[in-house]
Amino acid sequence: MAGRGMLLRSCRLCVARVLGIAPRSQTPVVGSRLAAWSLVQARPLVRVPQLVPGPCSLRSVTQRAVHEAASAPSEARPGNPTPPASSHCILNFYHLVDIPRPHEVLEQHRAFLEGREVRGRIYISHQGINAQCGGVTADAVAYVQWLAQEQSLFEGLRYKLYPADDHAFPRLRLKFRPNLISLAGGMTAAPVTDAQARATPLDPLAWKEMLAQAQSPSSGTKPVVLDVRNSYEWDAGHFEGAQRPLEDEFRETPTAASRTPLPHHLEGVDPATPIMMYCTGGIRCDVYSTHLRAQGYSNLYSLDGGIQSYLDAGVGEHWKGSLYVFDSRMAVPAPSPAATGEEGEAGLIAAAPCQVCGGAAVLPHMNCANIDCNKLFIACPACKTHLKGCCSEPCMTAPRLLRPIKDAGVYGSWTAYAGEDGVAAAAIRSGRGSRRAQRRAVRLAEERSRQRAKREEKMERRRLVEQVMAACAAKAPAEAEDPAWRRLREARLKLMAQRQDKLRGPAHAAAKEARGS
Ligand SMILES: [Zn+2]
Ligand SMILES: [Zn+2]
């Protein structure tokens, strides 16, 4: 037990948090009294840190204190939520654990889910499970309780449940995936199932305090706040002090397999500097922190349970905007009035400004209605209306103005998402869908005939070369200076030169002509 023998001073509130039991008062206690209290609670003494009189050291976030919090047993962590009263729900969880035979586990899950109304993404690998799913509340809850209580492999599993009116996912995708998340170079070689290799998890309150420390002008070494998500998620909402990721998507975040192994915001940062990492649910931090540790960063902290836990705990401070989520909700508001994520008439407020006029943008994101642009952007309600779903005025006059249509209750991936607005509705009414299919058929036919012509040209060239070579071979070397032989040789060289020019493209041919060769 890591906590044994460590010298820590603590108040009831912090000890209760570490042990996962209800505090009776906030008055500080000393070691002997707390030990007795733990006996009353019938908890083994070994879990209680050794205590000394004095001010609580857990309240100020020191590395020692958070390590103590992290080493508390998993059942002492904040409990799992009670099922919502709604007919449907959204269920999110992940668990990093060595699974020797993932395909067997997969079949057990498939058998359990047979006939149950659970949909979404559930991925199983040698390193654990990652699920963003949901469905009929009774079925989803039965599934996660079966997992947490009856499957010893997933002991201590923590999950999140949110109410929903209907299915938030179109279908169930339960499969084996070697990488639970997408990252350059994959995650199979990373020691993600070793808690010591990952960042130290901080509960929402400890995170808030450390964040305040990072913001305070007086503190010494300032922690770096690192957003470990896609850049468009940062646009929807982020923690104060966290810079926008340079990469568009998390899977492009630098790893050992990349050209430079560190994210831009860590370049030149001393490896001893505390790094505070956060993501939506926690898995991206758990995986990426093992990479940063391998790069020499030793002072790594992650937000336990991700932003979802932070917002669920009602701690809104230091959070700006709303939270981007990967289900039909698209984004959820921050609960605290101190945060800016409020649902106005037009939608949720985003942390980043309108990318057209710089005003206050609202979520969800949109893909530009010009299919050849398809840029994912956020805008204010006025710009959304004015630009008719396009990202800019030039896109409004583009020839291919169509957009993915959302079927009733069925959502595509974020790139295919389109809101129920005037543009989508008009596209359905005008029957543009059928004309689109015709245009697509014409394009395909044109492409096929182009390919055929290319193939025939290639065959013709090959035949010519073969003829010339056969003629050359028929001539004896002694007759090399024969005029007929010379003509044949020149013809062959000319053909080869033409072929080279063709391969190099028209720019090369033009340059050659200019040289007069
Ligand atoms: Zn605007
Ligand atoms: Zn555009």
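The distance linking the range 106-169 with the range 484-501 is 69 Å (Cα centroid to Cα centroid, whole angstrom). With Cβ to Cβ distances under 11 Å as the rule, what net charge do the other residues near V136 carry (K, R +1; D, E -1)? Residues close to V136 contribute a combined charge of -1. Loop-resident trypsin sites (Lys or Arg not before Pro) (DSSP state other than H, G, I, E or B) in the range 131-172 with no more than 11 further Cβ atoms inside 10 Å of their Cβ: R171.
The distance linking the range 255-321 with the range 179-252 is 2 Å (Cα centroid to Cα centroid, whole angstrom).
Among the protein heavy atoms of the range 241-291, carbon and sulfur supply 49% of the accessible surface, probe 1.4 Å, non-protein parts ignored.
As an exercise, use a Förster radius of 56 Å and the Cβ-Cβ distance of R440 and R515 to find the FRET efficiency, rounded to the nearest 0.05. The formula returns an efficiency of 0.80 here. Sequentially through the range 161-172, phi angles give Karplus couplings (6.51, -1.76, 1.60; θ = phi - 60°) of 10, 10, x, 8, 7, 8, 4, 9, 10, x, 8, 8 Hz, Gly and Pro residues having no value and appearing as x.
As an exercise, use a Förster radius of 56 Å and the Cβ-Cβ distance of Q145 and C357 to find the FRET efficiency, rounded to the nearest 0.05. E(calc), rounded to 0.05, equals 0.70. Applying 1/(1 + (r/R0)^6) with R0 = 56 Å to the Cβ-Cβ distance of A471 and K175, what FRET efficiency is obtained, to the nearest 0.05? The value I calculate is 0.40.
The values are calculated or read from the model by the stated rules, or taken from the named source; none is laboratory data. Here the structure is a predicted model, which means the values were calculated and not measured. Every residue, glycine as well, gets a Cβ built from its backbone with ideal geometry; the counts of neighbours run over all protein chains shown. The protein model used for the area step is the full one, side chains on, heavy atoms only, and it has no ligands, DNA or RNA in it. Shrake-Rupley method; radii C 1.70, N 1.55, O 1.52, S 1.80 Å.
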